[in-house]
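Participant: One structure coming up, written as structure tokens, with questions to follow.
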2 protein chains.
Amino acid sequence: MHRPVRKVAICAPATPLKREYAERVAALAVAEFPDLDLHFHEQCFVEEGHFAGPDELRLAALLECANDPAIDAVWFAKGGYGSNRITQGFHDHANEAARAKTYVGYSDCGTLLGALYRNSIGHAVHAPMPCDLAREGGEDAIRRVLSWFGGDDGGLEPGLGDTPAVAFNLYTLAMMLGTPFMPDLSGHEVLIEEVAEHEYAIDRLFFHVTAQLEGVAGIRLGEVTAIPENDRPFGASVVEIAQDWCSRSGIPYLGRAEIGHTATNRIVPFGLEARGTRA
Amino acid sequence: MHRPVRKVAICAPATPLKREYAERVAALAVAEFPDLDLHFHEQCFVEEGHFAGPDELRLAALLECANDPAIDAVWFAKGGYGSNRITQGFHDHANEAARAKTYVGYSDCGTLLGALYRNSIGHAVHAPMPCDLAREGGEDAIRRVLSWFGGDDGGLEPGLGDTPAVAFNLYTLAMMLGTPFMPDLSGHEVLIEEVAEHEYAIDRLFFHVTAQLEGVAGIRLGEVTAIPENDRPFGASVVEIAQDWCSRSGIPYLGRAEIGHTATNRIVPFGLEARGTRA
């Protein structure tokens, strides 16, 4: 097992969390994981336009959580869009305490995870977020993370082996490529999931991504959910799309992955260092 | 004025054109531009899944038009998505005749235009396409292109000056970045338009694009149309989004451009060579 996490601070680098979900996650933790100490930052609940508060407020809350030496892990409350807007600011102001922490989330927050991994700051971990409580079976997604905090590796993505891995939302990865936040993924298994994109957009994103992932160990395709209906069928499944672009670009297609915008979304610590040994 | 174009071949590298629009464009050309000779390739009307035929068929039609020395210009019938899937094949098989031609279109076909410009193959020109006949005022958009084929520069984007320029759909440009098709845009004015994307997606695409356009002369923002309604207001206008990311990345924001998914979409020959002198 990996080193357990005790004190977890939750903030929202992108969009706001409903207070109800925070309360239910906190109650679940108190009832079932008494060793854990969860602190939801008030910024989680701020709403301003699309975001959980303006960039300055979201950045300040993230830094408050990350730079506090009493906190073991920062858990992102929700994705949605916006963490890329404060990623540079985070790196400009992260202190030594921030470098010793674990950062947990997925979807849009992949930009923060990618930049952390690129700069070897703390441990970046793809995993469910408090907002996932809203899903059917969401409590199990939350329990998976809280158990992992406590040192239980049972929630790890089952295909993880001796190869370093990362996990990203396809669109988030596509937008991070070519920016100062993109980590070097040479030799990595890249797990990719997507939600609410048309098949033609998924095809276009795979074109973009596979053109720039030379040297990876391969791609595994996670869940691709909530594909909107188009005015006509695309003509290829999402697996065929992934296989096609892997084939065109010479990247090994390694099969499916248990990640995605679903309650079954599993945990993928980036690299090998954060993974620890299975119990 | 630039050198007039006489023989124009039309094919569909992405999605199919309705035969009705081809017939009406052809009739308009016969009635008002008797010196022009338009040839609609039958491939324009093929439908297979999302595309105007499979990759092989779209590529074969494009090469047939481009490699024919009797043809002066290739006009793309419609965008939609798919030209990126045959761009490499086009470059692998384009002959000397293809290098002497003018290529006209926009939207998804920007990937072809970008790759042509990168490799100095013929002249790449952003302009309305036959599918634009479907718009209110669409006949004027068609006339603008047919007049330009005839040597009339009156339809050029009015802000074009002594700086080389290109024009792209935002999403198409974002997906082309980092691929072997992306041209060097140092010193260029980059005109950018978008259609049917949420403001948060536009913000995300500008994050991606402006991180990789170092050295351009600046960005001008074209029309941004058909923005879907989101569950909450974004909090910034598209002009503010463009200005914000230009400011963050040190790229000059140069104001608006008369391009877009509209009937008023103007003509932007890529670079200076294809533009000629105004009449």
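Participant: Step by step: first the residues of the stretch A:17-47, then only those that are closer than 13 Å to A:Gly80 by Cβ and within 14 Å of another protein chain (Cβ to nearest Cβ), then the one that is most open to solvent (accessible area, probe 1.4 Å). Which residue is that?
Facilitator: Looking at the filtered set, the residue picked out is A:Glu47.
Participant: Could you tell me whether A:Tyr200 is within 19 Å of A:Cys109 (Cα to Cα) and not hydrophobic (A, V, I, L, M, F, W, C)?
Facilitator: no
Participant: With a cut-off of at least 3 residues that are more than 28 Å from A:Asp55 (Cβ to Cβ), name the helices (runs of 4 or more DSSP H) lying wholly within the stretch B:130-249. Walk me through how you get there before you give the answer.
Facilitator: Numbers: elements: B:138-149, B:170-176, B:199-210, B:238-249.
Answer list for the stretch B:130-249: B:138-149.
Participant: What pairs come out if I take residues in the stretch A:230-251 that are more than 13 Å from chain B (Cβ to nearest Cβ) and pair them with residues that are buried (at least 17 other Cβ atoms within 10 Å of the Cβ) and part of a helix (DSSP H, G or I) whose C-beta lies under 7 Å away, six or more apart or interchain?
Facilitator: Partner pairs satisfying both residue conditions: A:Val238/A:Glu199; A:Val238/A:Ile202; A:Ala242/A:Phe206; A:Cys246/A:Thr210; A:Ile251/A:Thr210.
Participant: Which is within 14 Å of another protein chain (Cβ to nearest Cβ) and closer than 25 Å to A:Phe206 by Cα, of A:Leu160, A:Leu112, A:Leu116?
Facilitator: So the residue among A:Leu160, A:Leu112, A:Leu116 that is within 14 Å of another protein chain (Cβ to nearest Cβ) and closer than 25 Å to A:Phe206 by Cα is A:Leu112.
Participant: Checking the condition closer than 23 Å to A:Tyr21 by Cβ, among the aliphatic types (A, V, I, L, M) and touching a helix residue (DSSP H, G or I) at 6+ places or on another chain (Cβ under 8 Å), which residue from A:Ala77, A:Ala97 passes?
Facilitator: Unique residue meeting the criteria: A:Ala77.
Participant: Tally up the residues in the stretch A:91-119 that are over 14 Å from the mean Cα position of the chain (by Cα) and either at pLDDT below 95 or under 18 Å from A:Phe40 (Cβ atoms) (or both), please.
Facilitator: 2
Participant: Output the residues belonging to the stretch B:207-216 that are under 12 Å from B:Leu177 (Cα atoms), more than 8 Å from every other protein chain (Cβ to nearest Cβ) and either among the hydrophobic types (A, V, I, L, M, F, W, C) or out of contact with any Ser or Thr (no Cβ under 9 Å at 6 or more places or on another chain) (or both).
Facilitator: Hits for the stretch B:207-216 are B:Val209, B:Leu213.
Participant: In this structure, is A:Pro13 farther than 18 Å from A:Ala115 by Cα, in a loop (DSSP other than H, G, I, E, B) and either modelled with pLDDT of 95 or more or not acidic (Asp, Glu) (or both)?
Facilitator: Values: farther than 18 Å from A:Ala115 by Cα: no; in a loop (DSSP other than H, G, I, E, B): yes; either modelled with pLDDT of 95 or more or not acidic (Asp, Glu) (or both): yes.
In short, no.
Participant: Of the numbered conditions (1) of a type in the set (A, V, I, L, M, F, W, C); (2) open to solvent by 10 Å² or more (accessible area, probe 1.4 Å); (3) within 14 Å of chain B (Cβ to nearest Cβ); (4) within 24 Å of A:Phe181 (Cα to Cα), A:Ala60 satisfies every one except a single condition; which is it?
Facilitator: Answer for A:Ala60: the failing condition is (3).
Participant: Among the residues of the stretch A:116-129, write down those that are part of a loop (DSSP other than H, G, I, E, B) and either without any contact (Cβ under 8 Å) to a residue 24 or more places away in the chain or among the charged types (D, E, K, R) (or both).
Facilitator: The one that is part of a loop (DSSP other than H, G, I, E, B) and either without any contact (Cβ under 8 Å) to a residue 24 or more places away in the chain or among the charged types (D, E, K, R) (or both): A:Ser120.
Participant: Also, quick follow-up: Return a yes/no flag: does the stretch B:142-157 have any residue that is crowded, with 19+ Cβ neighbours inside 10 Å, farther than 27 Å from B:Gly255 by Cβ and not aromatic (Phe, Trp, Tyr).
Facilitator: Yes, there is a match, as at least one residue in the stretch B:142-157 is crowded, with 19+ Cβ neighbours inside 10 Å, farther than 27 Å from B:Gly255 by Cβ and not aromatic (Phe, Trp, Tyr).
Participant: Condition first: hydroxyl-bearing (Ser, Thr, Tyr) and over 18 Å from the mean Cα position of the chain (by Cα). Can you find one or more residues in the stretch A:213-226 that meet it?
Facilitator: Taking every residue of the stretch A:213-226 in turn, none turns out to be hydroxyl-bearing (Ser, Thr, Tyr) and over 18 Å from the mean Cα position of the chain (by Cα).
Participant: Quick check, is A:Ala201 within 11 Å of another protein chain (Cβ to nearest Cβ), open to solvent by 40 Å² or more (accessible area, probe 1.4 Å) and not β-branched (Val, Ile, Thr)?
Facilitator: Values: within 11 Å of another protein chain (Cβ to nearest Cβ): yes; open to solvent by 40 Å² or more (accessible area, probe 1.4 Å): no; not β-branched (Val, Ile, Thr): yes.
Here the answer is no, as A:Ala201 does not meet what is asked.
Participant: Looking for whichever is touching a residue at least 40 places away in the same chain (Cβ under 8 Å) and either open to solvent by 10 Å² or more (accessible area, probe 1.4 Å) or not assigned by the TED database to the domain that holds A:Leu63 (or both) here; the options are A:Leu173, A:Leu113, A:Leu185, A:Leu221. Which one fits?
Facilitator: None of the others qualify; the one that does is A:Leu173.
Participant: Report yes if A:Phe181 is at pLDDT 95 or above, of a type in the set (Phe, Trp, Tyr) and touching a Pro at 6+ places or on another chain (Cβ under 8 Å), otherwise no.
Facilitator: no
Participant: Across the stretch B:1-49, which residue is farthest from B:Ala141 (Cα to Cα) among those that are of a type in the set (A, V, I, L, M) and free of Cβ contacts under 8 Å to residues at least 60 places away in the same chain? Full working, then the answer.
Facilitator: Taking the stretch B:1-49 and keeping what is of a type in the set (A, V, I, L, M), we get B:1, B:5, B:8-10, B:12, B:14, B:17, B:22, B:25-31, B:36, B:38, B:46.
Checking which are free of Cβ contacts under 8 Å to residues at least 60 places away in the same chain leaves us with B:26-27, B:30-31, B:38, B:46.
Details: B:Ala26: 14, B:Ala27: 15, B:Val30: 16, B:Ala31: 16, B:Leu38: 16, B:Val46: 24 Å.
Among those residues, the one meeting the criterion is B:Val46.
Participant: Can I ask one more? Does B:Glu136 satisfy the condition of being within 30 Å of B:Arg256 (Cβ to Cβ), open to solvent by 40 Å² or more (accessible area, probe 1.4 Å) and at pLDDT 95 or above?
Facilitator: yes
Participant: All but one of (1) open to solvent by 10 Å² or more (accessible area, probe 1.4 Å); (2) more than 14 Å from chain B (Cβ to nearest Cβ); (3) more than 23 Å from A:Arg85 (Cβ to Cβ) hold for A:Val190, so report the exception by its number.
Facilitator: So A:Val190 meets the others, but not (1).
Participant: What is the number of the single condition among (1) at positive phi; (2) more than 14 Å from chain B (Cβ to nearest Cβ); (3) open to solvent by less than 10 Å² (accessible area, probe 1.4 Å) that A:Tyr106 does not meet?
Facilitator: (1)
Participant: From (1) modelled with pLDDT of 95 or more; (2) within 18 Å of A:Lys78 (Cα to Cα); (3) within 14 Å of chain B (Cβ to nearest Cβ); (4) surrounded by fewer than 18 Cβ atoms within 10 Å (Cβ to Cβ), pick out the condition that doesn't hold for A:Ala196.
Facilitator: The single condition A:Ala196 does not satisfy is (1).
The values are calculated or read from the model by the stated rules, or taken from the named source; none is laboratory data. Note that this is a predicted model, so its numbers are computed, not measured. For neighbour counting, all protein chains shown are included, and Cβ atoms are generated from backbone atoms with ideal geometry for every residue, glycine included. Surface accessibility is based on the protein's heavy atoms, side chains included, excluding ligands, DNA and RNA. Shrake-Rupley method; radii C 1.70, N 1.55, O 1.52, S 1.80 Å.
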